[in-house]
Amino acid sequence: MRGRRALQCILCGFIFLVSNKSPRAEDAAEASTAGSLRVFTVTATRVPEPIDQIPATLTVVSGAELRARDARDMASALSLVSGVEAPAGGDAGPSSAVPAFWGLREFDAFLLVMDEVPWGGAFNPAITTLNLNDVERIEVLKGAAPVMYGATSFVGVVHVLHYPAG
């Protein structure tokens, strides 16, 4: 009799838990971000992924932020990205800026990509011809990315994405 009573209590507790499921953590996260837009990135995985689910050090600088700061060159565009500095000037003249990722300042150590196309040649990013007009966002991937982009990206990738035409 006693075992039967315990079995009934366990069964009732199980039915109660199943019928009154508690909200999951994912539901809470979706509810907290329901009113805001999620940021998607393509630099780390080549397919649109939410930035909070990417296992890489990635910073996104929005076009609105660039326009608010009146960024016209790479030095001013990357000025607030942590771990990256791009002082103006270089071998290609005053409009050239060789960015340093985590202190490594090499002209051919990073890859410059514009609208999913490498900008310039291999080991020769075309920084002086970088167009920052009508930019949707700049994605800065810090760290090696040779699997996705080849050997020219062993310290990072700067991906400039413009708004589509029309």
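The values are calculated or read from the model by the stated rules, or taken from the named source; none is laboratory data. These figures come from a predicted structure and were not determined experimentally. Note that each Cβ is placed from the backbone with ideal geometry, even for glycine, and that neighbours are counted across all protein chains shown.
Values for this structure:
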read-out	value
Residue list for region 129-156, restricted to those being under 18 Å from A56 (Cα atoms), at pLDDT 85 or above and not charged (D, E, K, R)	I138, V140, L141
Residue selected from region 53-98 under the condition among the acidic types (D, E) and assigned to a loop (DSSP other than H, G, I, E, B), by the criterion modelled with the lowest pLDDT	D91
Count of residues meeting criterion [under 13 Å from V140 (Cβ atoms) and in contact (Cβ under 8 Å) with a residue 40 or more places away in the chain] in region 58-70	6
